[in-house]
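Below you'll find the structure, written out as C-alpha cells, and then a few comments.
The values are calculated or read from the model by the stated rules, or taken from the named source; none is laboratory data. Computed from a prediction, not measured in an experiment: that's the story for all the values here. Quick reminder, even Gly has a Cβ in these numbers, built from the backbone with ideal geometry, and neighbours come from all protein chains shown. With ligands, DNA and RNA removed, areas are computed over all heavy atoms of the protein, side chains included. Shrake-Rupley method; radii C 1.70, N 1.55, O 1.52, S 1.80 Å.
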Amino acid sequence: MATIRELRDRIRSVNSTKKITKAQELIATSRITKAQGRVAAAAPYAEEIQRVLERLASASSLDHPMLREREGGKRAAVLVVTSDRGMAGGYNHNVLKKAAELEKLLAESGYEVVRYVTGKKGVDYYKFRAEDVAGAWTGFSQDPDWAATHNVRRHLIDGFTASSEGEAAWREGLNLSEGQDIQGFDQVHVVYTEFISMLTQNPVVHQLLPVEPVIEDEIFEKGEDLLSSSGDVEPDYEFEPDADTLLEALLPQYVSRRLFSIFLEAAAAESASRRNAMKSATDNASELVKDLSRVANQARQAQITQEITEIVGGAGALADSGESD
Amino acid sequence: MAEITVELVSVERMLWAGQASIVTAQTTEGEIGVLPDHEPLLGQLVENGVVTIQPIDGEKLIAGVSGGFLSVSKEKVTILADFAVWANEVDTASAEADLNSDDELAKARAEAGLRAVRRSSEGL
C-alpha cells in the first residue's frame, strides 16, 4: 500500500489539475454565450439575404453555374473545420473521422479530393500523417470574424468559379507559392460540427457548392381563392441592374455568408464541446480526490492503531519486567 | 411626415435600424433616393459607395458601404453590406495610409470610409 505521504502528494496534484479544468470549463461556458450572441447578431443579414434571393429566384432564369451540378466534374474541395486548441473532447476527432468518410466517398465516385483545413488541430493532424493539404488557415476557430475568414471564403468561391479546368488567384494560406498554377474544383464540401444544444454537437457534411436547391412544394388552394385573389399580393420588384446580373452578384455573397455562418456555428460547438469535456474532467478529479482521501484516511488510522498497539505492548512489556524484579 | 423603416445590416451585426424620411444609395445604375412608399426594388450598390440616411429625429447619417445590396420592400428598406463605416468614425489619416496597402480588404475599407468623409464634408 502507498504511504500516506505519497497519497497526499497525489491528492494535491489531482486538486491542482481540477482547478485548471474547472477554470477551462468556466471560460468555455462564457464563450458559448458569446458565440451564440455572434450567431444571433449575424441573423438579420442572413434572413434578409435569404428573402432577397427568394424574390430574385422567382424573377430570374436561375441559370447560374453555382446552382448547377457540373457535368463530368473531376475535382472536389473538402474544407475541414477544426479547432485551434485541444481540450475539447472528441470535437476534432469526430470532424476528422467524418472528413475521412467523405473523402473516401468522393474518391469512390471518381473525384479527386482537394483538402483545405481551418484550425491548428486539423493542420497538425494531417501534417503528422504526411497527408496533403492544399490550404490551411488558423487563428479564428474560437471567434471567427468576417475579415479573418476572408481568404478562406474567397478562395473556395474563386476556385469553384474557376472550375477544374481553370485556375484561381493566389491567396494567403494556400500551400502553393505565389505564381504556381492553382487548379480550381467543381464541388465544395464542408465538414464541420453542428451545434444542436449545450450537450449535443454533431459532425456534419454540408455541400456548399453547387448550392443544393431546396424545393418546397407549393400548395395551391383550390376553389374561390384562385379567382378572388387574396388581395395582399406582393407587387412586382424592380431590379437594378436586371435580375440575372443581380443574381450573379448576390450568389457568391450568399455562399460566402453561408460559409461564415458555418464558422460561427462551429465556434459555438467547439466551446460547448470543450465545456462538456472539462466538466467531466472536473467531475472525475473530484471523484478521484474522494477515493484517494479515503485510502489516505485508512492508512492514517492504520498507522495510529499500530502506534497505540506498540505503546500498549511496550508498556505491558515494561510492567511485566517490573513485576519480575 | 411619412416615414420608412430602415435597416443597415452588415454580415456580422445590425448597424442601424430606425425610422427615416429619406435614404439615398448608389446602385450600379446610378444614385437613387428612396422616399416613403417607394415601389419594391432590389439593387446592387457600387463597390465602396456611400449611403445616407436622414432619420426623422437627429442628424443625417452617412456611411461608406462596401459590397452592398439595397432592398426596398413594402415594409422597410434594407441595406445589406459586407462592411460599413460611419463617416464620423473614419480616421482619415490612417485610411489614407491604407489606401496604398497591399491588403485588398483594408484598401476597400479605406476607400469606402474616405468617400463617406468626402460626402459629409460636401454637406450633401
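Quick notes on this one:
- Computed from backbone phi, the HN-Hα couplings of the range A:40-53 come to 5, 5, 7, 5, x, 5, 4, 5, 5, 5, 4, 5, 4, 5 Hz, rounded to whole numbers (Karplus: 6.51 cos²θ - 1.76 cosθ + 1.60, θ = phi - 60°; Gly and Pro given as x).
- Averaged over the residues of peptide B:92-102, the number of Cβ atoms from other protein chains lying within 10 Å of each residue's Cβ is 0.
- Net charge contributed by nearby residues that have their C-beta within less than 14 Å of B:VAL46 (K/R +1, D/E -1): -4
- Placed amide H near A:TRP137: partners under 5 Å, 5+ positions off or other chain: A:VAL117, A:THR118, A:GLY119
- The range A:80-214 - convex hull of the alpha-carbon atoms, volume per residue in Å³: 130
- Here's how it looks for A:VAL78: its modeled amide H is under 5 Å from those of A:VAL114, A:ARG115, A:TYR116, A:HIS189, which are all 5 or more places away or on a different chain.
- Based on C-alpha pairs under 8 angstrom that are at least 6 apart in sequence, chain A has a relative contact order of 29 percent.
- The range B:80-124 and the range A:265-312: distance between their alpha carbon centers, rounded to Å: 58
- Look at the stretch A:42-55: the mean tally of other chain Cβ atoms within 10 Å of its residues' Cβ atoms is 5.
- Per-pair calculated FRET efficiency, R0 = 25 Å: A:GLN207 and A:ASP132 via Cβ, rounded to 0.05: 0.70
- Hydrodynamic radius by Kirkwood, which averages 1/r over all alpha carbon pairs of the range B:1-123, in angstrom: 14.4
- Against chain B, whose longest principal axis is taken from its Cα atoms, helix B:104-122 shows a tilt of about 60°.
- Take every pair of alpha-carbon atoms less than 8 Å apart whose residues are at least six positions apart; their mean separation over the length of chain B yields a relative contact order of 23 percent.
- Burial ranking of peptide ranges A:27-34, B:33-40, B:21-28, A:187-194 (average Cβ count within 10 Å, highest at the top): A:187-194, B:21-28, A:27-34, B:33-40
- Among beta bridges that DSSP assigns inside the protein assembly as shown, antiparallel share in %, nearest 5: 65
- Amide H contacts under 5 Å for A:LEU209, placed H, 5+ residues apart: A:VAL188
- Solvent accessible area, Å² - A:LYS279, 1.4 Å probe, full protein context: 80
- Å² per residue, accessible surface of chain A at 1.4 Å: 55
- In Å², nearest 10: area of A:TYR125 left accessible to a 1.4 Å probe: 70
- Look at the dipole of the range B:1-123 built from charges on Cβ: of B:VAL50, B:ALA81, B:VAL6, the Cα furthest out on the positive end belongs to B:VAL6.
- Each peptide in A:316-322, A:75-81, A:258-264 receives the mean, over its residues, of other Cβ atoms within 10 Å, and ordering these scores from highest gives A:75-81, A:258-264, A:316-322.
- Values of log10 I(q)/I(0), in the order q = 0.06, 0.12 Å⁻¹, for the protein assembly as shown under a Debye, Cα-only, solvent-free model: -0.39, -1.12
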